[in-house]
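The block underneath contains the structure these notes are about, expressed in structure tokens.
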Amino acid sequence: MPDLLPQAHAAAEKAYAPYSKYHVGCALETVNGGIYLGCNVENASYGLTVCAERNTIFQAVAAEGAGMKIAQLSVVCLGHEFPPCGACRQVIAEFSLPDGQTPVTYLHNGQPVTKTMAELLPEAFGL
Ligand SMILES: [Zn+2]
């Protein structure tokens with residue numbers, strides 16, 4: 001699998017984050033081999049802000065259709081380190097490999113950390 005952290009970093013540089021100043025980028029690879037990038041896009045009406053991870057996933061669905069599955073996903077925040085937020089974890093889980101086996105990579109103490117969705121969101125909501 002390709003290392004997506006450099007692409008996530010490049011996407012973070014395009015973020016629209018004038019309010020939080022948290023420039024977040026995401027890159028994901030689908031099981032079909034597609035690579036998609038996204039960044040957070042904030043809004044003066046804060047509740048309308050959308051995270052980098054969800055923007056990326058929505059692009060992948062628009063390109064590949066409802067059957068899109070995420071083979072791997074990486075997220076980077078310039079100058080900060082954190083894993084995907086709870087809302088994004090639920091959306092990643094929706095398009096994860098079976099049994100939450102999609103790996104998610106983010107930085108912690110300057111090093112890449114990879115966890116499966118099952119580890120990041122045990123007992124994810126599903127119908
Ligand atoms: Zn999020």
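Would you calculate a helix-derived [θ] at 222 nm for the chain, using -39,500 (n - 2.57) for each DSSP H run of n ≥ 4 and dividing by the full residue count, to the nearest 500?
Working: 4 runs with 34 residues, N = 127.
So the calculated ellipticity at 222 nm is -7500 deg cm²/dmol.
Relative protection proxy for 63-69, 79-85, from highest mean packing down: 79-85, 63-69 (other beta-carbon atoms within 10 angstrom).
Kirkwood Rh, Cα Rg: Rg to Rh for the stretch 5-120?
Values: Rg = 13.1 Å, Rh = 13.9 Å.
In the stretch 5-120, Rg relative to Rh is 0.95.
The dipole here belongs to the stretch 5-120: it is taken about the Cα centre, uses +1 on the Cβ of Lys and Arg and -1 on the Cβ of Asp and Glu, and is about 140 debye.
The stretch 67-127 and the stretch 1-48 have Cα centres spaced 13 Å apart.
Spin-label model, Asn109/Ala124: points 7 Å from Cα along the beta carbon direction are separated by 2.7 nm. Within the stretch 1-44, the GluC sites (Glu not before Pro) that combine a DSSP coil assignment with at most 16 other C-beta atoms in a 10 angstrom radius are Glu13.
Which value, in debye to the nearest 20, describes the size of the charge dipole of the stretch 1-69 about its Cα centre when Lys and Arg Cβ atoms bear +1, Asp and Glu Cβ atoms bear -1, and nothing else is charged? Provide the component values of the computation, followed by the final result.
Numbers: 4 positive and 6 negative charges, 29 e Å.
For the stretch 1-69, the charge dipole is close to 140 debye.
A short reminder: the numbers here are calculations on the coordinates, not readings from a lab. Predicted model, so just to flag it, every value in this text is computed and none were measured. Cβ atoms come from the backbone with ideal geometry, glycine included; neighbour counts cover every protein chain shown.
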